[in-house]
1. May I ask for the Kirkwood hydrodynamic radius of chain A, worked out over all distinct Cα pairs and given in angstroms to one decimal?
2. Where the only charges are on Cβ atoms (+1 Lys, Arg; -1 Asp, Glu), what is the dipole of the stretch B:74-133 about its Cα centre, to the nearest 20 debye?
3. At a Förster distance of 22 Å, what's the computed FRET efficiency of A:ALA98 paired with A:ILE237, Cβ-Cβ distance as r, to 0.05?
4. At a Cα cut-off below 19 Å, give the aspartates and glutamates reachable from A:LYS186, other chains included and same-chain residues fewer than 8 away excluded.
5. Name the chymotrypsin sites (Phe, Trp or Tyr not before Pro) in the stretch B:88-126 that are in a loop by DSSP and that have at most 13 other C-beta atoms within 10 Å, would you?
6. Toward the positive end of the charge dipole of the stretch B:75-229, about the Cα centre and with charges on Cβ (Lys, Arg +1; Asp, Glu -1), which of B:PHE213, B:LEU126, B:SER75 goes farthest?
7. Considering the options B:GLY52, B:VAL62, A:LEU130, tell which one lies farthest towards the positive end of the dipole of the protein assembly as shown, charges being +1 on Lys and Arg and -1 on Asp and Glu at the Cβ, about the Cα centre.
8. Any idea how far the Cα center of the stretch A:17-68 sits from the one of the stretch A:85-110, in Å?
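No value in this document is a laboratory result; all are computed from the given coordinates. Treat the numbers as computed from the prediction; the structure is a model and nothing was measured. Note: ideal-geometry Cβ built from the backbone for every residue, glycine included; neighbour counts use all protein chains shown.
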Amino acid sequence: MKNFWRTLAGIALLILLWQIAAVRLNKGILVPAPSDTLRLMARNFTSLEMLLAAWQTAWKVFVALALAILLGLPLGLLLGLSDGAYHLLRPLIMTVQAVPVISWLSLVIFTWGVGWRGPVFISFLSLFPLAVLTTVAGVHDLDKGLLEMARLYRVPAGKVLREIHLGSLLPFIAAILDVSVGQAWKVVLVAEYLCGGDGLGEAILTARMNVDVPAVWALTLGAVLLGLLSEALIKSIARRFQAAWTRS
Amino acid sequence: MDALITTRDLCKSFDRLEVLRAISLDIQPGERVALMGPSGAGKTTLLKIIAGLELPGRGSLVNRAQRSAFVFQESRLIPWRSVRENLLFVNGQGDYREVLRCVEMEEFENYLPAALSGGMRQRVNLARALITHPDLLILDEAFRSIDLNVKLRLMKAIDRRWQSDKFTLLCVTHDPREALFLADRIILLSARPASILLTIGVDMEKSRDISSFEFLCREASLIHQLADL
């Protein structure tokens, strides 16, 4: 309970600093007042157009995240179990991780033009190495004694994979989700902003082009809140999944 | 009768560290053998090689056991699974209640390993070995972290199990009383690289009373022999 009040105080402090900045710097252009921004955000997110934009961004985030987990986990498992495969593919994974978003952007714009595929692909590429490398770390962290025990008692491989590998990886999967959701929102927004098409990123681009700074702030704040909300939602689903798996 | 386990001139080194030197053993089906020797001599390595968990270096090994069970020094329980699930992990059809009763842990079937003491986890480790109905039971200092009363009761439980199932028992221990209670033959190993120094036959009744005069005399004699090495 004490932490709740502290968090609330932290948010209040943030709004106060924002208000001071708005008064000091303000000509209404650079930093709009919090009250104006919040009012605009509330209006935005009750309009059908903005709700649709939020949905368009949200499903891209979900698809990119799902692809990164569904492809990253098995590959990470394979690389964790096979030293040869790990050393063979590690340079590729590291390169994908190191390439800046902007470089992928030019590639996807040339390939697919404006549309949903670019943001999804770029977000996937930014999350995929994290999913692979975290899974590899999870496999390397596995208690070898448990595997030795399973080998001694001739436990079937499928059961070992389910009970020992998956059980050991669950905290790592939770960590991947933890880090990835926020990152996915950021990357999808940037990609939408630069590729165009639809979604909140594109709405921010339109507001910028109209020099509608309060709208840029309101949309950004809305995106942050949606990001936090989806993070909490995914964490809750992951916790339920983990609890259900433990009970199974 | 063919020996269940036969080793001939078994050697093992880890890089340049020689651990086992020319170990030759024959262990008959149903026989109970204790290995004793200084810490770090290579006893666990020998057990692991016999169980197939470690490859031998030079020499030969024949293990005819169909089902081996190993009570490790550390409990090696799956942390996110309950006691019952840990037992069923190695034998889904096993009677987990019966083995838990055997190690006096029947009340703890739904506990996670983290909620148990070290000694209790070790008892589950033993129950996990028993649920597989092994024909070779290997104990690697299995009772090290268990208090004396429980240890004595567990040794008796193993003895009862042996009377009914007649499995082959191979144990490593530093406790002369444990070796004398559980084994028909005690093999003394040298310091690393381990080689067989002496084999002592234990010609007492199969069900032994550790408070009997005969047992206490044998214990004193074994301690004397160990001290002389």
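1. Working: mean 1/r = 0.0487 Å⁻¹.
Computed over chain A, the radius equals 20.5 Å.
2. Working: 8 positive and 8 negative charges, 36 e Å.
Using Cβ point charges on Lys, Arg, Asp and Glu, the stretch B:74-133 gives about 180 debye.
3. Details: r = 31 Å, r/R0 = 1.40.
After rounding to 0.05, the efficiency reads 0.10.
4. Cα-Cα hits under 19 Å: A:ASP178, A:ASP198, A:GLU202, A:GLU231.
5. Details: sites: B:PHE89, B:TYR96, B:PHE108, B:TYR111; in loops: B:TYR111.
Answer in residue order: no site qualifies.
6. Checking the options against the dipole of the stretch B:75-229, the answer is B:SER75.
7. A:LEU130
8. 30 Å
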